[in-house]
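Below: one structure, written as structure tokens.
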Amino acid sequence: MRYQSYLNTTGNIIEMYQGQEPLSIYLKKFFGANKKYGSKDRKYIASLCYAYFRFGKAAADGPLEENILAALFLSESSHNEVIHFIRPEWDEWIARPLEEKIAFLQLDVNKIFPYKQQLSAAVNHTSYCTSFLQQPKLFLRVRPNKKNIVVQKLQKAKIPLTLLEEDCIALSNATKLDDVIETDREAVIQDYNSQQVFNFLQHFTLEKNAVTAWDCCAASGGKSILLFDTLKRNVELTVSDIRLTILLNLHQRFNKAGIKNYNYFLADLTDPAFKFPELATKGTQGTMPLGSYQMIVCDAPCTGSGTWSRTPENLFYFKETAIDDFAARQQQIVSNVIPYLQTGGLLFYITCSVFKKENEDVANFIKEKFHLQLLQMELLKGYNIKADSMFVAVFTKP
């Protein structure tokens, strides 16, 4: 009866939840208001909820309970108590390859993500749909000269790890790191492909003077810390975002990351009347170059579709009209920031989207309207390696 109760509770949660906030936050509030659920109960119910939303738009087909069980069966790869109790005939299949399990259930995976015509050309639609049925990995980017200490701490905590590259570690998504490593100081929690967005700079010749760079949609500063490390600290940073709370988080992360001197400001870059403001400085002595940058990083607000395997509820509640809305915002943002790029400077246009209108179409807009020269354009596919998918286009101003 316990496992059937888990199913019933999951069904109730799914019917009450309307996507108004991240599922993780909604579940935390739900369990906070319903103290009868123990830690094991919460774990089972949460896994059932996430499994259901991994069915994406295909969840609209068939009975709710059947879809929950089918999604759980596909997303698990070893013995599962709920499946064993309710669908024991599936036990012999649960450890088989995902493709065989999909065929066994006769699932049309292409219904999970029905926006094939909107995808960037490099995305394999079926593979992308299938990727939603698996939980992605948690990735660490090791800070310079911290590899040995990070690996030793993970091993001491008996945390299984895979070293993908010299400074990239893959972990189970459920890994708890709070008491294991010093995040941001020793390693940054950052998706594998997010770590690759500045690969173009591997062949970048550092000048004697520090590079002036503006991270214009900085969020909590992950790309800025990556740029700081990639340029071997030889960078004078300016960061901006529209949200004060995000910038406050950025200040804390920068402090832990050892970034002491930088400019920052609040700005709505979707405002057609945007003008570069007077800057607040943190830790600087004297003045820093303002309003004219050798490098601009535009990690633009987007649908986030390349990350939805981490938050599958976003796919479930997604409305296709949002693509055009985000594309318009992205065009306005780049229109506002490009005038502050120096001749010969580099613009990095980045999204975590798989949609052409947010990616290649905005890149073409940049080329045609501002006559910037495209140096590199790539969709970093993460769906085959349990990572996010990212888009990056690098331009220079002739």
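The values are calculated or read from the model by the stated rules, or taken from the named source; none is laboratory data. On a predicted model such as this, the values are computed, not experimentally measured, just so you know. Glycine also receives a Cβ, built like all others from the backbone with ideal geometry; neighbour counts cover every protein chain displayed. Only protein heavy atoms, including side chains, enter the accessible area calculation; ligands, DNA and RNA are left aside. Shrake-Rupley method; radii C 1.70, N 1.55, O 1.52, S 1.80 Å.
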Taking 0.36 nm per intervening residue step and subtracting the Cα-Cα distance, what contour gain separates R185 from I25 on full extension? 54.9 nm
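Treating the beta-carbon of each Lys and Arg as +1 and of each Asp and Glu as -1, no other charges, what is the dipole magnitude of the chain about its Cα centre, to the nearest 20 debye?
Details: 45 positive and 42 negative charges, 227 e Å.
Computed charge dipole of the chain: roughly 1100 debye.
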For N124 and M16 in one chain, what is 0.36 nm times their gap in residues minus the Cα-Cα distance, to one decimal in nm? 35.5 nm
Pairwise Cα inverse-distance average, inverted: Kirkwood Rh of the stretch 68-153 (Å): 15.6
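Per residue, how much accessible surface does the stretch 1-67 expose to a 1.4 Å probe? Answer in Å², no decimals. List each step's numbers first, then the result.
Details: 3540 Å² over 67 residues.
That works out to 53 Å² per residue.
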Over the stretch 251-398, what portion of Cα pair distances is larger than 21 Å, expressed as a whole percent? 52
Links exceeding 20 Å between C-alpha atoms in this model, out of K158/K232; K101/K386; K232/K256, come to K158/K232
Using only Cα atoms, figure out Rg for the stretch 8-146 and give it as a multiple of 2.2 N^0.38 Å. 1.17
As a test, work out the antiparallel percent of DSSP beta bridges whose residues both lie in the chain, rounded to the nearest 5. 55
At a 10 angstrom cut-off on C-beta neighbours, averaged per residue, how do the peptides 29-35, 391-397 rank from highest to lowest? 391-397, 29-35
Dimensions (Å) - the stretch 86-134, Cα atoms, principal axes, largest first: 40, 15, 14
Residues of the stretch 136-154 with backbone N under 16 Å of the label point set 7 Å from the Cα of T162 along Cα→Cβ are 136-141
Using a 1.4 Å probe over the heavy atoms of the protein chains, calculate the carbon and sulfur portion of the accessible area of the stretch 43-156 as a whole percent. 48
Binned at 5 Å starting from 0, the alpha-carbon pair-distance distribution of the stretch 160-207 in whole percents comes out as 5, 15, 25, 25, 14, 9, 5, 3, 0
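Between S77 and K111, what is the FRET efficiency for a Förster distance of 35 Å, r being their Cβ-Cβ separation, to the nearest 0.05? Please list the in-between numbers first.
Values: r = 22 Å, r/R0 = 0.64.
It comes to 0.95.
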Arranged from highest to lowest average of other beta-carbon atoms within 10 Å per residue, in what order do the peptides 338-351, 148-161 appear? 338-351, 148-161
So what are the radius of gyration and Dmax for the Cα set of the chain, in Å? 22.6, 72
Pull out the extension gain between A103 and N209, defined as 0.36 nm times the separation in residues minus the alpha carbon to alpha carbon distance; nm, one decimal. 32.2 nm
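Set the Förster distance to 51 Å, then compute FRET efficiency between D91 and A328 from the Cβ-Cβ distance, nearest 0.05.
Working: r = 50 Å, r/R0 = 0.99.
The calculated FRET efficiency here is 0.50.
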Using a simple spin-label model with points 7 Å from Cα along the Cα→Cβ vector, what separation in nm is obtained for Y37 and K232? 5.2
So how long is each side of the stretch 329-379 along the principal axes, counting just the alpha-carbon atoms, biggest first, in Å? 30, 22, 18
